[in-house]
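**Q** Submitted below is the structure of interest, expressed as structure tokens.
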Amino acid sequence: MKSIRYILLGVILSLVGSPASLHAQSFFGYQTIGVHTWYFSLSWDGKPNIGFGYNFRDFNKTFTDISLEWRSPVDEMFQSDNQHLIAGFYKPLVLRRGFTAVGLHAHLRNLAGAEGSKTSQYSLAATVLPSYVYAASLGDGPYGTIGLRLGYEAVIAEKSGQSWSTLPSHGVRLGGHIDLHLERTLGISSNGFVTKNWALGGSEGVDTSLGREGDLYIGSTYFLRRW
């Protein structure tokens with residue numbers, strides 16, 4: 001139990017301290033009877049960011065997590081120049097000790113540039129997470145998963161001023177994921193990975209250097225399905 005906590009703490013600290021622009025989405029891979037989860041996220045991309053979101057767990061043959069999240073820099077929370085909305089789902093393909101989850105999410109980003117310029121980006125991100133259940137309590141003890149995170153994101157359209165461009169860039173993400181669930185209500189999740197982007201169609205201003213990304217999620221389940 002102590003070793004699990006130390007590993008999780010080390011991963012969280014390393015991810016929170018990594019300079020990055022976030023492209024990940026929340027994933028709570030643990031198997032619980034929780035239905036509704038409200039969560040917040042912390043990130044750093046040269047300035048502190050905070051996010052809030054809601055996750056609904058639909059129980060089916062496995063389960064499907066459907067989520068909606070909003071993010072913004074801390075010092076611009078009530079301005080519309082820098083906002084990030086994410087909507088989508090994750091779904092494990094099977095429920096067993098070793099499993100694979102898949103995800104699909106849509107992103108809307110409003111970005112403020114130099115001299116008052118504004119850019120809106122619309123993208124789709126697909127994710128595959130080969131995972132392993134490293135702790136599995138049937139009671140109120142810890143339940144957690146750890147695994148790889150493989151992602152692909154394509155910017156479908158981008159608007160800068162009155163100018164539109166389609167498929168300006170795309171990129172891949174490779175890294176890891178860890179989460180932990182305690183007392184059937186408290187959930188912690190973290191992701192960290194490297195990224196690589198490419199410009200499409202002669203697009204300019206796309207950062208093609210190798211980057212690092214990370215996130216930390218903390219959420220609470222307020223309704224438990226007990227039937």
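**Q** How many angstrom separate the Cα center of the range 132-161 from the Cα center of the range 37-108?
**A** Distance between centres, Cα-based: 9 Å.
**Q** Rolling a 1.4 angstrom probe over the protein chains, ignoring ligands and nucleic acids, what is the accessible area of residue 97 in square angstrom, nearest 10?
**A** 120 Å²
**Q** Pop out the Kirkwood hydrodynamic radius of the range 157-196 from its pairwise C-alpha distances, inverse of mean 1/r, in Å to one decimal. The partial results should precede the final answer.
**A** Working: mean 1/r = 0.0731 Å⁻¹.
Averaging 1/r across every pair of different Cα atoms and inverting gives 13.7 Å.
**Q** Give the lysines whose C-alpha is closer than 20 Å to that of residue 61, dropping any in the same chain fewer than 8 places away, or say none.
**A** Cα-Cα hits under 20 Å: 91.
**Q** To continue, here is another question. If Lys and Arg each add +1 and Asp and Glu each add -1, what is the summed charge of the other residues whose beta carbon sits under 15 Å from the beta carbon of residue 99?
**A** Once all neighbours under 15 Å are counted, the net charge is +3.
**Q** Next up: In a shell of Cβ-Cβ distance under 13 Å around residue 167, excluding residue 167 itself, what net charge do Lys and Arg (+1) and Asp and Glu (-1) give?
**A** Local charge sum for residue 167: -2.
**Q** How large is the accessible surface per residue of the range 101-216, computed with a 1.4 Å probe and reported in Å² as a whole number?
**A** Normalised by residue count, the accessible surface of the range 101-216 is 48 Å².
**Q** OK, next. So for the range 78-161, taking the charge dipole from beta-carbon charges (+1 Lys/Arg, -1 Asp/Glu), which of 94, 156, 119 sits furthest toward the positive end?
**A** Looking along the dipole axis, the top candidate is 94.
**Q** What is the sum of charges, Lys and Arg at +1 and Asp and Glu at -1, for the other residues whose Cβ falls under 11 Å from the Cβ of residue 55?
**A** -2
**Q** With θ taken as phi - 60° and the coefficients 6.51, -1.76 and 1.60, list the Karplus ³J(HN,Hα) couplings across the range 148-157 in order, rounded to whole Hz; mark glycine and proline as x.
**A** Along the range 148-157, the couplings run 8, 10, 10, x, 9, 10, 10, 6, 6, 8 Hz.
**Q** Right, something else. What are the extents of the Cα atoms of the range 106-227 along their three principal axes, in Å, largest first?
**A** 55, 27, 27
**Q** Round to a whole number: what % of the accessible area of the range 103-227 belongs to carbon and sulfur, probe 1.4 Å?
**A** Whole-percent figure for carbon plus sulfur exposure: 61.
**Q** Would you work out the relative contact order for the range 79-153, in percent, from Cα pairs under 8 angstrom that are 6 or more residues apart?
**A** So the answer I get is 25 percent.
The values are calculated or read from the model by the stated rules, or taken from the named source; none is laboratory data. All figures in this text were calculated on a predicted structure; none of them were measured in a lab. Cβ atoms come from the backbone with ideal geometry, glycine included; neighbour counts cover every protein chain shown. Surface accessibility is based on the protein's heavy atoms, side chains included, excluding ligands, DNA and RNA. Shrake-Rupley method; radii C 1.70, N 1.55, O 1.52, S 1.80 Å.
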